[in-house]
């Protein structure tokens, strides 16, 4: 990745609403170059999104750690993780979701967390922590 691309990405991570003209002024790079580089970056930028101030809308932020049962056949464990991950990614209030071979980690905004909603078949344990703050860097 070129240095200009890294500079553009750094700006977009701070504020994805910046226009090409604004980025051009900040970086001192012609707007045509920014436009060209942005087209090239379409392959690696998955999506542009927002981060809400959940406190202002009356929600708390939680980190959930979902431990999946280990099966003798690793393929079954992977399928269980994938199925739960796919279902969770559609749930209302999910801010971020991450997975490893045997665990799923969820950052969730909720006014009333119901932990039983996360006890799927194949889930060994669910732990949750109320977060004091949450930022995407």
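The values are calculated or read from the model by the stated rules, or taken from the named source; none is laboratory data. Everything quoted here is computed from the prediction, not taken from an experiment. Counting neighbours? That spans all protein chains shown, and the Cβs are built from the backbone with ideal geometry, glycine included.
Residue 17 satisfies every condition listed in (1) closer than 27 Å to residue 110 by Cα; (2) surrounded by 10 or more Cβ atoms within 10 Å (Cβ to Cβ); (3) not assigned by TED's automatic domain parsing to the domain that holds residue 115 except (2).
Residues in the range 22-52 that are over 29 Å from residue 108 (Cβ atoms) and surrounded by fewer than 10 Cβ atoms within 10 Å (Cβ to Cβ): 28, 39, 42, 43. Restricting 84, 94 to residues that are within 14 Å of the chain's Cα centre (by Cα) and either farther than 21 Å from residue 130 by Cα or free of Cβ contacts under 8 Å to residues at least 24 places away in the same chain (or both) narrows the list to 94.
What about residue 61, is it surrounded by 15 or more Cβ atoms within 10 Å (Cβ to Cβ) and in contact with a strand residue (DSSP E or B) (Cβ under 9 Å, 6 or more places away or on another chain)? Taking the combined requirement at face value, the residue satisfies it.
The residue that is surrounded by the most Cβ atoms within 10 Å (Cβ to Cβ), among those in the range 114-134 that are in contact with a strand residue (DSSP E or B) (Cβ under 6 Å, 6 or more places away or on another chain) and more than 29 Å from residue 76 (Cα to Cα), is 134.
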